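The values are calculated or read from the model by the stated rules, or taken from the named source; none is laboratory data. Source: prediction; values computed, not measured. Because the Cβ atoms are built from the backbone with ideal geometry, glycine has one as well, and the counts that use them run over all protein chains shown. Accessible surface is based on the protein model in full, side chains and every heavy atom, while ligands, DNA and RNA are left aside. Shrake-Rupley method; radii C 1.70, N 1.55, O 1.52, S 1.80 Å.
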Amino acid sequence: QFFVFCHGLLQLSQLLVSGYLKSSISTIERRYGLSSQTSGLLASFNEVGNTLLIVFVSYLGSRVHRPRLIGCGALLVSLASFLMSLPHFLTGPYVYDRSVASTFSNRTDLCQPGAAEAWANLSDASCTPHASRKNHEVLLVMFVAQALLGIGGVPIQPFGISYIDDFASERNSPLYLGILFSVTVIGPGVAFMLGSAMLRFYVDIDKVSAAEVQLTNKDPRWVGAWWLGFLVAAGLVALSALPYFFFPREMPKEVGEVLHTHAPQSPLVLSGFPVVLLRNLRHPVYLLVVLAQVNISAMVAGLATFMGKFLERQFSLTASLANMIIGAVNIPGAMVGIVVGGAILKRFQMSLRQCSALCVLGMLLCLLTAFPLLFLGCPTQKVAGVTDWDSSGFGHHDMECNAQCRCPQRGFNPVCGSDGVEYTSPCSAGCSHVNIHTDSSVLNYTRCSCIAGPGFARPGTCGTGCSHLFVPFVVLSCLAGILASTSHTPSFMLILRSIQPEDKSFAVGIQFMLLRVLAWMPGPVLYGSAIDTTCILWERRCERRAACRYYDNTLFRQR
């Protein structure tokens, strides 16, 4: 029972690492200028290390000291999590365009007609070969960390489960495995809540004083302390790893009703491998159910990675709040669905045909609930020079009204004009004057030549004005999730009951292999690529396309 407790704790901490990355992905994109395709690849890269080794480890079976191997894997996961936070300590403080000079830079992005020469030098100065190399180093460290995370996670699940199954009594084994399964479902929820807590802090909380930070967490330039969660998770994993070095290689079997002598099975497996593989893949039910699971898993993998980013952009939420919604509403919804599906199975003792009917029903209802989500959202706010929302040629006039300012091309410090139009910087709105609060945060910008009427602008984005659709969206998406996940348990039953008993563990192994290779790896990359196609303004860093500043929200939602 102590082993089960330790293993639950370890699985929770391990899931914290991979789940936390998904919760902070939009922040990491903004901090290091990544496209969603790159960040999607990063998020799924741990599956690569995992898949390469999982087959090999499953063959080792009971011939190794399992607890010790789990402990070593866990230490590797802990190291990987620590490595994920390393780029924060390797790179300098986060630099963003600002209107108020600071100790870091005396440049401001107001409209200063005489200052064009100064601007030109500044924008090129930051583009040394050193800067772009630094960026490659950051990416390399993160990808290596993700690969190590996958490799370290390999022994944890299979060895833990087989160890428990070998030494638990027949009566208690399902209970223990049920506990572990529920932990793996709760894990991602806890990870998103951790993300929600950490992203409230400013990224350079350890490098700059609070007075220096002129951003609020609602600002589009805000970057939260994404690295903090990785340190927390690394510590938790390391703590959970320690007890494993003190468990024995074999335990006396727990006393239960039925006693069996357990001979360790020697896996003479390799010779029969192709035969069993073909026999299973020829089985139409097995193949179809696995393909159905691949499709839904690819969707879940893509959504888990980018749902937060979607909520941030569509409903103008902070990253912290988006994570809170996912961790407290969507993931628990999926848990409820899984439990309900299992309960229905047990209550009605369903046949295979009824199992498949339940799956189909769950998916159909899910589609019906999810269909309105296509329309629940708002277009991107009007952004001068970015979105072509006015055919009267205002865009051309816009270029004239701030011509004398000679704004830098890449400046990004969005302001919302009193005319309800957003500008990418105070300079592009033609604002030449800034009013400052007592705590040195910006109150507003005045004397803006591009804004009609009183001609002032407030800092920050205008927002999508979509808050009224937020609650319906969350309710419907949660409901769709509950309905879809009711098919989780019956689809597993279809697989387990449609194949020959001696192939069971092998068939499940192949199933997970196919899910990894066809769903969990490509899912986030495909989603990221689709999201990238909807970008309407890219940030440029040293001639390199970096993160996306503005998306076409309608396309983003539909794709």
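Being touching a Pro at 6+ places or on another chain (Cβ under 7 Å) and part of a loop (DSSP other than H, G, I, E, B): is that true of THR438 here?
No, not satisfied.
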request  = Return a yes/no flag: does the range 105-125 have any residue that is crowded, with 16+ Cβ neighbours inside 10 Å, outside the structural domain of LEU228 (by the TED database) and at pLDDT 80 or above.
outcome  = yes
query = Looking at (1) modelled with pLDDT under 85; (2) crowded, with 22+ Cβ neighbours inside 10 Å; (3) β-branched (Val, Ile, Thr), which is the only condition VAL64 fails?
reply = (2)
Within the range 143-171, considering residues that are open to solvent by less than 40 Å² (accessible area, probe 1.4 Å) and not in a helix (DSSP H, G or I), the one farthest from GLN14 (Cα to Cα) = SER169
ask   = So ALA74 clears everything in (1) closer than 22 Å to TRP226 by Cβ; (2) modelled with pLDDT of 95 or more; (3) buried (at least 18 other Cβ atoms within 10 Å of the Cβ) except one condition, right? Which one?
value = (1)
request  = Could you tell me whether any residue of the range 199-210 is modelled with pLDDT under 85, surrounded by fewer than 18 Cβ atoms within 10 Å (Cβ to Cβ) and not in a loop (DSSP other than H, G, I, E, B)?
outcome  = yes
key: Odd one out for LEU140 among (1) modelled with pLDDT of 80 or more; (2) of a type in the set (A, V, I, L, M); (3) surrounded by 16 or more Cβ atoms within 10 Å (Cβ to Cβ)   = (3)
query = Identify, please: which residue in the range 218-249 is in a loop (DSSP other than H, G, I, E, B) and over 17 Å from PRO93 (Cα atoms) and is, among those, most open to solvent (accessible area, probe 1.4 Å)?
reply = LYS218
key: Yes/no for ALA457 being in contact with a Cys (Cβ under 9 Å, 6 or more places away or on another chain), open to solvent by less than 60 Å² (accessible area, probe 1.4 Å) and free of Cβ contacts under 8 Å to residues at least 60 places away in the same chain   = yes
query = Looking at VAL100, is it assigned to a helix (DSSP H, G or I), at pLDDT below 80 and open to solvent by less than 50 Å² (accessible area, probe 1.4 Å)?
reply = no
task = Please tell me if LEU15 is in contact with a Gly (Cβ under 6 Å, 6 or more places away or on another chain), under 25 Å from PHE310 (Cα atoms) and either open to solvent by less than 10 Å² (accessible area, probe 1.4 Å) or assigned by the TED database to the domain that holds ALA234 (or both).
result = yes
query = From the set of residues in the range 368-417 that are of a type in the set (Ser, Thr, Tyr) and modelled with pLDDT under 90, which is farthest from the chain's Cα centre (by Cα)?
reply = SER392
message = Filter the range 312-330 down to the residues that are crowded, with 24+ Cβ neighbours inside 10 Å and among the hydrophobic types (A, V, I, L, M, F, W, C) and list them by number.
response = PHE315, ALA319, ALA322, ILE326
request  = Take ILE296 and decide whether it is of a type in the set (Val, Ile, Thr) and either closer than 30 Å to THR424 by Cβ or at pLDDT 95 or above (or both).
outcome  = no
ask   = Is there any pair with a first residue in the range 181-203 that is under 16 Å from VAL329 (Cβ atoms) and a second that is surrounded by 17 or more Cβ atoms within 10 Å (Cβ to Cβ) and charged (D, E, K, R) whose Cβ atoms are under 9 Å apart and which are 6 or more apart or on different chains, and what are they?
value = PRO188/LYS22; ALA191/LYS22; PHE192/LYS22; GLY195/LYS22
All positions within the range 397-420 that are in a loop (DSSP other than H, G, I, E, B), closer than 20 Å to GLU539 by Cα and open to solvent by 10 Å² or more (accessible area, probe 1.4 Å) = ARG406, CYS407, PRO408, GLN409, ARG410, GLY411, PHE412
inquiry  = Only one of LEU288, LEU277 is modelled with pLDDT under 95 and assigned by the TED database to the domain that holds PHE492. Can you tell me which?
reply    = LEU288
request  = Go through (1) farther than 25 Å from ALA507 by Cα; (2) small (Gly, Ala, Ser); (3) open to solvent by 40 Å² or more (accessible area, probe 1.4 Å) and name the single condition ALA343 misses.
outcome  = (1)
ask   = Can you find even one residue in the range 304-320 that is more than 30 Å from GLY224 (Cα to Cα) and either within 24 Å of the chain's Cα centre (by Cα) or assigned to a helix (DSSP H, G or I) (or both)?
value = no
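Which residue, of VAL48, VAL55, is open to solvent by 30 Å² or more (accessible area, probe 1.4 Å), over 21 Å from PHE556 (Cβ atoms), modelled with pLDDT under 90 and within 20 Å of the chain's Cα centre (by Cα)? Write out each step before concluding.
On the way: VAL55 fails: within 20 Å of the chain's Cα centre (by Cα).
Of VAL48, VAL55, the one residue that is open to solvent by 30 Å² or more (accessible area, probe 1.4 Å), over 21 Å from PHE556 (Cβ atoms), modelled with pLDDT under 90 and within 20 Å of the chain's Cα centre (by Cα) is VAL48.
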